[in-house]
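Let me begin by presenting the structure, written as structure tokens, before commenting on it.
The values are calculated or read from the model by the stated rules, or taken from the named source; none is laboratory data. Treat the numbers as computed from the prediction; the structure is a model and nothing was measured. Backbone-built Cβ (ideal geometry, glycine too); neighbour counts: all protein chains shown.
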């Protein structure tokens, strides 16, 4: 696990260095936009199709989704109560709720799952995201952001979901899987070529998103509850849920570690769109991402020790 974290840190550092040096005169925001668009519209759907087409779908798929949904709902409730106790403004409350409730389960989680547990764990990351986190984000998450922010109003949640290429890829893959359609070798090779770039580009893009200039000292007191809830409390709740649902060993460890991922990068876009506290959210992404480089190995060691 330590070697995995070092490799990830190296790719994150490449993104940070690019952000500072701007090689070729390319602005980091423009670079990030191009890379994330390429992954979002082409490479990630290819990866989803490749993994879910031949994955073992069944009871575990439902249980993974239930575990993920429990983590998101717990994060929403706990962060809301924390904001009420701290008397945070509406814009701050919206940013904190998004930062706590929705982990970076694909852009950060998928690389961790694959390099730590093997290729089988990619299915855990994708199912955790597309069958629970993404639907909840673009329905309940967007609803909360629109109510607490002062930006544009919420569109139809179903319209938002239909705009996600990876979700369409997941639906197609599940249909092909359940109808036992074999994957042609030509398509399999093509998908494998596309999916190879997902992990490095995801981590590089996260590095481009890290911004210490947005992390103000005055925001640190508000970041501590986000850190504790996102990286410790919510994963503990998911650990309890997965244990109750009968998960053990590496399966339980993979699901809980997905719950222990840092705040999602996409929340920066949502916070800006609905006029939430973007600076606070960007700080949460930066701090939780860097902290997770230390907390994820701790979670892994503890979870595997539970397995004996």
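For the reader, a short list of remarks on this structure follows.
- Among the conditions (1) part of a helix (DSSP H, G or I); (2) within 15 Å of the chain's Cα centre (by Cα), the only one that residue 140 does not satisfy is (2).
- Checked against (1) at pLDDT 90 or above; (2) crowded, with 24+ Cβ neighbours inside 10 Å, residue 60 passes all but condition (2).
- Conditions (1) crowded, with 22+ Cβ neighbours inside 10 Å; (2) more than 21 Å from residue 150 (Cα to Cα); number of the one not met by residue 79: (2)
- Candidates 24, 15, 71, 75 - the one that is part of a helix (DSSP H, G or I) and out of contact with any helix residue (DSSP H, G or I) (no Cβ under 8 Å at 6 or more places or on another chain): 24
- Of the helices (runs of 4 or more DSSP H) lying entirely inside the stretch 220-273, those carrying at least 3 residues that are closer than 14 Å to residue 100 by Cα and either out of contact with any strand residue (DSSP E or B) (no Cβ under 6 Å at 6 or more places or on another chain) or modelled with pLDDT under 95 (or both) are 220-228, 234-244, 266-273.
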